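What follows is a single structure, written as structure tokens, with notes after it.
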């Protein structure tokens, strides 16, 4: 273990023997980082990729220079189909450890395959397009686009998850379950997939309850003969012989006699009362039906409101993810330009990225690439700017030397010839400004003396 301050090898003491820095807290952070790395390694071995990613992110958070953890985190991202995140971790790792780093091999394997790089770019673009389709409500087009993505990048977990959501929206539970199972085959403990599966089970349970009464009716019809007699429904089991005809005739004869007496003494006086009662019963039954339908409508409305809220939240999340993915795509293009030694091109792409919306790791990657291309770009801009100044091409010299100074404000030569370019082009006001900057920022130099004399000459 080396000192974080001076790089000297540490002993068992809590203080560095060379610079005297307190390294007790630093030791604990290193141990914590290694513990998280070991945890991530164990989880990766059993294909708990989500758990491994969480542990490894904690590891590099405790010690950003833990290249073993970063390399493994990159491999985990690669296995999850997140190619851009994987490359980010490997590039950051290489920036911290330039020699004897496995990240070199991982990066070269991607760089040496233009088809793979194109596939990464295509995947990002198509996934962004599928999110846009979801935002616009074109779910069929989103499904088609996601299928294309997964045919070229079958490990893209978020692609499977989004496709599963779309299938669930269509009540295509079989296909939704297949997509979620594909996620779990790659990442056994993916919390989002497990949550979607739970929601899927609940949705299927609700559907089966709705179908249950129908099944019971079907079962009755299979096991019995159902017929109607008057206002009554008669269910007679199959295989039971009806021998009640003789008893029925006898009962009818007896019933006629009793019925005649009942008619005179009970039925006729109560007929009006029965009619009124039947009317009241009918009104009550109708009222119950109306209430039941109203309750069903309210339940459906509540369900629609819930789905609408979930859809709006998903669209918002998709929009934010789309913006981040666009930044990732530009960052990948910048790195590709850097790898091809096109420093100005890489710098131009970096300037188009909104660094603030990038996550911490991506910002580290941004800074690492910016440092690398910035130095090369500064040197190249100074050369082209100075050459343009010598050939009296002041428009180009002002642009290149101004950009050079903007990237590195210690470039006093660029600042001086920028002032001279303004002076010779006839822009006296800007010439005065930049001559004064030379005087203030490079005191005691020959350039400062010349700038003082020139400023005095154009001010009089």
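We did not get these values from a lab; they are worked out from the coordinates using the rules stated. For clarity, every value in this text was computed on a predicted model and none was experimentally measured. Heads up, the Cβs are rebuilt from the backbone with ideal geometry, glycines too, and the neighbour counts pull from every protein chain shown.
If R0 is 35 Å, what FRET efficiency do you get for residue 383 and residue 41 from their C-beta distance, rounded to 0.05? If you can, show how the numbers build up before the last one.
Details: r = 48 Å, r/R0 = 1.36.
Efficiency, rounded to the nearest 0.05: 0.15.
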task = Give me the number: length gained by fully extending residue 449 to residue 141, i.e. 0.36 nm times residue separation minus the C-alpha to C-alpha distance, one decimal in nm.
result = 104.0 nm
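Pop the C-beta distance of residue 376 and residue 352 into the FRET formula with R0 = 30 Å and round what comes out to the nearest 0.05. Show your work: numbers first, answer last.
Numbers: r = 18 Å, r/R0 = 0.61.
Efficiency, from the Cβ-Cβ distance: 0.95.
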inquiry  = Students often get this wrong: which residues of the range 24-66 have the backbone nitrogen under 16 Å from the point 7 angstrom along Cα-to-C-beta of residue 6?
reply    = 24
message = If I model a spin label at residue 15 and residue 430 as a point 7 Å from the Cα along the Cα→Cβ vector, what separation in nanometres do I get?
response = 5.7 nm
query = Could you give the length gained on full extension between residue 178 and residue 202, defined as 0.36 nm per residue of separation minus the Cα-Cα distance, in nm?
reply = 7.0 nm
request  = Stick to the Cα atoms of the range 331-460, pair each with every other, and give me the Kirkwood hydrodynamic radius in Å at one decimal.
outcome  = 15.8 Å
ask   = Rounded, prolate or oblate: which one fits the range 363-421, using the alpha carbon gyration tensor with axes a ≥ b ≥ c (rounded when a/c is under 1.5, else prolate when a/b beats b/c, else oblate)?
value = prolate
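For the range 341-389, what does the alpha-carbon gyration tensor say about shape, rounded, prolate or oblate, given a ≥ b ≥ c as the root eigenvalues, a/c under 1.5 as rounded, and a/b over b/c as prolate?
Values: a/c = 3.53, a/b = 2.57, b/c = 1.37.
Because a/c hits 1.5 or more and a/b exceeds b/c, the range 341-389 counts as prolate.
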inquiry  = I need the shape label for the range 54-176. Rule: rounded when a/c is under 1.5, else prolate if a/b > b/c, else oblate, with a, b, c from the alpha carbon gyration tensor.
reply    = prolate
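Residue 171 to residue 188: extension gain in nm, 0.36 nm per residue of separation minus the Cα-Cα distance? All intermediate terms of the calculation are to be shown ahead of the outcome.
Values: separation 17, 0.36 × 17 = 6.12 nm, distance 2.45 nm.
Answer, rounded to one decimal: 3.7 nm.
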